[in-house]
1. So, in the stretch 336-390, how many residues would count as being at negative phi, open to solvent by 60 Å² or more (accessible area, probe 1.4 Å) and not in a helix (DSSP H, G or I)?
2. Could you please give the count of residues in the stretch 458-473 that are modelled with pLDDT of 75 or more and within 23 Å of Lys384 (Cα to Cα)?
3. Just the residues that are within 20 Å of Gly477 (Cβ to Cβ) and touching a Leu at 6+ places or on another chain (Cβ under 6 Å), please, taken from the stretch 399-452.
4. For Arg218, all conditions in the list (1) closer than 26 Å to Gln245 by Cβ; (2) outside any helix (DSSP H, G or I); (3) at pLDDT 90 or above; (4) not β-branched (Val, Ile, Thr) hold save one; what is the number of the exception?
5. Going residue by residue through the stretch 550-560, is there one that turns out to be open to solvent by less than 80 Å² (accessible area, probe 1.4 Å) and more than 22 Å from Tyr532 (Cβ to Cβ)?
6. Limited to the stretch 172-224, what total is found for residues that are more than 30 Å from Phe258 (Cβ to Cβ), surrounded by fewer than 16 Cβ atoms within 10 Å (Cβ to Cβ) and of a type in the set (S, T, N, Q)?
7. Give me the residue from the stretch 499-513 that is touching a helix residue (DSSP H, G or I) at 6+ places or on another chain (Cβ under 8 Å) and loosely packed, with under 15 Cβ neighbours inside 10 Å and, out of that set, nearest to Gln544 (Cα to Cα).
8. If we scan the stretch 476-498, do we find a residue that is surrounded by 13 or more Cβ atoms within 10 Å (Cβ to Cβ), in contact with a Phe, Trp or Tyr (Cβ under 6 Å, 6 or more places away or on another chain), free of Cβ contacts under 8 Å to residues at least 60 places away in the same chain and within 15 Å of Ser418 (Cα to Cα)?
Amino acid sequence: MNYISEPNKHIEDYLAYYFDGKKDFQYAVLLNGAWGSGKTWFIKKYIEKQESKDKKVAYISLNGLSKTSDIDDEIFRCIHPKLASKGAKLLGKVAKGALKAAFRFDWDGDSKPDGQLNASIPNIELPDFLKITSKFILVFDDLERCELKKEEVLGYINYFVEQEKIKTLIISNEYEIKENEEYSKKKEKLIGATFSYTEDQDLAIQCILNEIDDPELREKIFSFKLMIIATFNQVGYQNLRSLKQTIFAFERFYCKDFFERDGVFDNEIFEKILKSFLILSLESKKGRFDGEVLNFKKNKQLTNKSEVNSADSILNICRGIDSKDSEEFMNKYSCSLNDFILSVDRWNEILNQNIIDKVKINSELYEKYFRLREERPIWFRLMKFFDLEESEFEELVKSVKESIEKYQLQNTTDVLHSVSMLIYFREHSLIHFEIDPLLPHAVQQLKSLFNVNERIKKINDFGFREHAGQFGFYATGIKQFERFMNVVIQSYEDKYQEKNKERAMALFELMKDDGYLFYHRINLTNSTENYYYDLPILKEIDAQNFAVCLCEIPYENTKRVLSALNNRYTSQSIAKMYLDEQKWFDELIGHIEHQILPSASKLLKAKINLNILPSLLETKQKAYKG
């Protein structure tokens with residue numbers, strides 16, 4: 001016999017005896033197994049075998065069903081999907097009535113005794129295709145997920161087994177069912193044989209991989225089958241359903257261009273990303289992370305807290321270890337954050353938010369993997385200084401020093417690592433020239449290379465201080481490097497603020513035409529346009545010009561701007577905005593009261609007195625209380 005699963009062949013043998021025999025067993029068979037163990041996959045394969053023998057199988061998932069009439073409908077839909085379709089409602093009612101006659105069962109859930117049902121059964125001869133025969137099989141899956149009481153479900157199923165003599169298989173995860181006396185009685189009466197499904201991991205994973213649609217990707221993933229199995233077992237989340245979801249998510253993520261350069265597919269980076277995808281996805285499903293991928297709980301100290309400047313402490317920082325949870329995770333996989341190649345933000349987008357930004361992914365893969373192998377920058381070669389000849393080391397140090405002095409570096413990663421390597425060498429007396437004169441050149445170069453993100457006003461990412469590209473800084477923990485990084489971070493903030501005047505003018509123009517967008521720009525909302533909720537941008541606008549504009553714009557826009565100011569200063573957790581802009585806000589109110597109002601027209605006075613000033617003064621009063 002060609003078995004579906006060797007470890008479970010005894011189950012298949014028994015089911016053959018149960019379903020193929022002519023005996024009236026008058027009991028159902030129960031297949032028990034943990035969630036995600038592959039038991040449903042096994043049964044569906046078994047159903048395919050039965051259907052090939054001309055058996056009629058109705059497979060019913062009880063998941064989420066809350067009434068017996070729902071189960072009725074599911075059985076009818078399985079047996080006759082065309083009659084159950086919306087396009088065959090009338091015929092379906094006749095057929096369903098005929099099927100009721102075949103089952104002698106209350107299909108409509110009216111709870112009437114069987115004898116009372118005859119009046120509702122159509123007086124027609126039952127067609128052969130609706131008759132229930134010995135070739136008919138019922139399979140009920142997900143018993144533990146049915147919303148009915150489990151004893152009620154077993155009583156329902158017992159009707160088919162006892163009265164209609166239909167061979168029935170029930171699939172369940174009994175570990176999730178809380179047994180009671182009634183359930184135990186029903187189960188004892190109904191179930192005649194119980195089996196526990198043994199997970200056939202190798203076969204199940206092979207079947208999961210076979211479901212990948214792209215034949216080229218399927219072949220590539222199959223070449224890493226042993227790594228997939230090893231990683232799955234290393235994660236320790238023995239849930240094949242979650243693995244299947246992860247493989248299908250990777251299939252959606254996959255783009256050949258991510259891993260190919262100049263027509264050559266890079267299997268090394270493909271394997272690294274695939275392995276990272278498996279680890280992070282499965283660990284996330286397992287509940288390892290605190291809300292976001294690679295976000296670890298910070299409430300526990302490291303097991304061996306090292307001295308602040310010790311080598312162990314620096315190594316931990318470079319590896320992304322700052323808590324007991326992150327330490328356990330990194331040690332479990334013998335890795336660091338850099339081994340996951342893509343940034344934490346990118347992984348969170350891919351795995352939590354289902355965002356596949358191909359431009360950003362390609363950019364990070366190039367910067368953190370391909371560029372270093374193609375260009376081999378000087379600092380990259382200096383990282384392996386122990387293996388260099390003395391003359392080669394001296395030449396490389398000279399080159400990296402000149403590249404900083406002459407503003408030759410075109411990448412922020414190159415500037416940061418170049419400075420880091422020189423500071424490290426100076427700290428350990430491998431070079432003897434002073435580094436301080438080089439640092440202003442490096443800062444200026446970095447400032448010119450920074451791409452300012454409108455939403456990122458400061459560099460708050462702790463990882464920025466510890467690593468760039470795929471590698472941690474050698475100079476982490478050295479005071480000179482820490483001072484340098486402080487200046488670098490400030491230089492980004494300075495570059496951002498250089499355009500604050502332009503931003504303020506754009507915001508001033510926006511209040512004239514789009515009060516709705518103005519509201520979102522200056523408040524903490526769920527809009528991606530909330531650029532300035534934490535930036536005191538309004539004080540960059542001339543308060544007198546703002547006052548004039550507020551009085552002149554259409555009334556609907558005026559109301560939106562007033563609402564925006566009220567929310568900015570009274571409803572947000574960022575209450576500091578009022579303190580930062582209080583002088584500007586007082587000047588705004590003062591100009592309207594003392595300059596605009598006295599000479600305003602009758603209607604404008606009404607607008608100011610009835611709407612603008614009451615709103616502004618109420619905001620000021622609430623802001624003071626806050």
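The values are calculated or read from the model by the stated rules, or taken from the named source; none is laboratory data. What you are looking at is a predicted structure, and each value in this text was computed from that prediction instead of being measured. Don't worry about glycine lacking a Cβ; one is built from the backbone with ideal geometry, like all the others, and counts go over all protein chains shown. Protein only, heavy atoms only, side chains kept; ligands, DNA and RNA dropped before computing areas. Shrake-Rupley method; radii C 1.70, N 1.55, O 1.52, S 1.80 Å.
1. Counting residues in the stretch 336-390 that are at negative phi, open to solvent by 60 Å² or more (accessible area, probe 1.4 Å) and not in a helix (DSSP H, G or I) gives 4.
2. Adding up the residues that qualify gives 8.
3. Across the stretch 399-452, the qualifying residues are Val415, Met421, Ile435.
4. (2)
5. yes
6. Of the residues in that region, 4 qualify.
7. So, considering only residues that are touching a helix residue (DSSP H, G or I) at 6+ places or on another chain (Cβ under 8 Å) and loosely packed, with under 15 Cβ neighbours inside 10 Å, the one nearest to Gln544 (Cα to Cα) is Lys501.
8. Taking every residue of the stretch 476-498 in turn, none turns out to be surrounded by 13 or more Cβ atoms within 10 Å (Cβ to Cβ), in contact with a Phe, Trp or Tyr (Cβ under 6 Å, 6 or more places away or on another chain), free of Cβ contacts under 8 Å to residues at least 60 places away in the same chain and within 15 Å of Ser418 (Cα to Cα).
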